[in-house]
Amino acid sequence: MPTRKPLIAGNWKMNGFQGDGVALAKALAEYVAKGGTASFEMLICPPFTLISRIGEVLAGGVIALGGQDCHPRAKGAHTGDVAASMLADLGCRYVIVGHSERRADHGENDTLVAAKAAAAQGAKLCPIVCVGESENERDAGRTLDVVGRQIAAAVPPGSTAASLVIAYEPVWAIGSGRTPTTPEVAEVHGRIRELLAAKIGGAEAEKVRILYGGSMKPGNAAELLALENVDGGLVGGASLVAGDFWAIARAAQAAKT
Ligand code: PGA
């Protein structure tokens, strides 16, 4: 059995001002100082406006910092965009790419997501590549096809376990309070690992962390994180409540030790 240290990642989305963002990061840092993170890794991905400020709060601690998106180019005339190297410059180690909200709000397709993932790796950031089916696609029995196509297209060749995290986020589960059944989650995560093995080799694929995202909460985290191929969570709403996010992290600790 490979040891994959679970990653509990908070995606704050477009939420937070300096005051409440700093308070949330401080509250998490306090939980971590008391409880430790030896058996899991914790990450927070604030909006761009707060990364620098939250980085100051987290400096010297173990909670990692990440962005929610990056541009595929390294620099230049791209008004309003942020390069992966700029995130690295602020102390980020991760960046979410291909989130379904970016795919929906900004028309991002797999080709663009692949370019963003490669740009992140080029800047020494670890991309968290998001994949997942819509409700119609699930109802039509197309989940594995859709996720397979996304993995095939968006994972940069030559990725390693250190330079890649996958997040399986069924679009219909995000922010809805609904989740797939555990056998459904297990099926998709198992398939993702097989697809990764075909793409980057079995040994490396065994070490890649595959997160589940979509309405992960303290009440369902233990069950989801107990699944063999669920190596953490990408948490939206519950990551905005320090006690809930910490409870999910503790569930990861309990499930994987
Ligand atoms: P949610 O969001 O936990 O609020 O469902 C997860 C995500 O979109 O990453």
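Brief remarks on what is shown
- Of the residues 244, 81, 231, the one that moves most in a GNM of the chain with alpha-carbon contacts below 10 Å is 81.
- The tail of the calculated P(r) for the chain, taken as Cα-Cα distances beyond 35 Å, holds 7 percent of the pairs.
- Stretchable slack from residue 257 to residue 149, in nm (0.36 nm times residue separation minus alpha-carbon distance): 35.6 nm
- Taking the chain as a Gaussian network of alpha-carbon nodes connected by springs under 10 Å, the highest mean-square fluctuation of the residues 247, 77, 154 belongs to 77.
- A cut-off of 5 Å between modelled amide H atoms, ignoring neighbours fewer than 5 places along the same chain, links residue 7 with 41, 232, 233.
- Rounded FRET efficiency, nearest 0.05, which uses the C-beta distance separating residue 39 from residue 15 and R0 of 45 Å: 0.95
- Among 180, 46, 170, residue whose mean-square fluctuation peaks in a GNM of the chain (springs only between Cα atoms under 10 Å): 180
- For the stretch 95-192, the list of trypsin sites (Lys or Arg not before Pro) that fall in a loop by DSSP and count at most 10 other C-beta atoms within 10 angstrom is empty.
- Other-chain or far-sequence residues with amide H under 5 Å of residue 67's (modelled H): 94, 95, 96
- Amide H contacts for residue 213 (H built 1.01 Å from N in the peptide plane; partners 5 or more residues away or on another chain; cut-off under 5 Å): 168, 169, 234.
- Charge dipole (Cα centre; +1 on Lys/Arg Cβ, -1 on Asp/Glu Cβ; no other charges) of the stretch 7-255 amounts to roughly 520 debye.
- 3J(HN,Hα) along the stretch 216-225: 6, 9, x, x, 10, 5, 4, 5, 5, 6 Hz, from the Karplus curve 6.51 cos²θ - 1.76 cosθ + 1.60 with θ = phi - 60°, whole Hz, x for Gly and Pro.
- The chain, helix-only ellipticity at 222 nm - DSSP H runs n ≥ 4, -39,500 (n - 2.57), divided by all residues, nearest 500: -14000 deg cm²/dmol
- Surface share of carbon and sulfur [accessible, 1.4 angstrom probe, percent] for the chain: 53 percent
- Calculated FRET efficiency, residue 23 to residue 176, Cβ-Cβ distance, R0 = 25 Å: about 0.40 to the nearest 0.05.
- Restricting the calculation to Cα atoms, the stretch 1-64 yields a radius of gyration followed by a Dmax of 12.4, 43 Å.
- Backbone geometry of the stretch 83-90 corresponds, through the Karplus equation with coefficients 6.51, -1.76 and 1.60 at θ = phi - 60°, to 3J(HN,Hα) couplings of 7, 4, 5, 5, 5, 4, 4, 8 Hz, x marking Gly and Pro.
- Taking every alpha-carbon pair within the stretch 130-234, the share separated by more than 22 Å comes to 25 percent.
- At an R0 of 22 angstrom, the distance between the Cβ atoms of residue 142 and residue 162 translates into a FRET efficiency of 0.10.
- The residues of the chain present an accessible area of 43 Å² per residue when probed at 1.4 Å with all protein chains retained.
- Dipole magnitude of the stretch 20-97 about its Cα centre (Cβ charges: Lys, Arg +1; Asp, Glu -1), debye to nearest 20: 100 debye
- At full extension, residue 79 and residue 135 could sit 16.8 nm farther apart than now, given 0.36 nm per residue minus the alpha carbon distance.
- The equivalent ellipsoid of the stretch 28-138 has semi-axes of 26, 19, 12 Å, largest first, where each one is the square root of 5 times an eigenvalue of the Cα gyration tensor.
- For the stretch 26-72 and the stretch 168-240, distance of Cα centres in Å: 21 Å
- Nearest-20 debye value, the stretch 14-160 charge dipole, Cβ charges on Lys, Arg, Asp, Glu: 460 debye
- Extension gain from residue 184 to residue 109, taking 0.36 nm per residue of separation minus the Cα-Cα distance: 24.5 nm
The values are calculated or read from the model by the stated rules, or taken from the named source; none is laboratory data. Values in this document were obtained by computation on a predicted structure and should not be read as measured data. No Cβ is skipped: glycine too gets one built from the backbone with ideal geometry, and neighbour counts run over all protein chains shown. Calculation scope for accessible area: heavy atoms of the full protein, side chains included, ligands and nucleic acids excluded. Shrake-Rupley method; radii C 1.70, N 1.55, O 1.52, S 1.80 Å.
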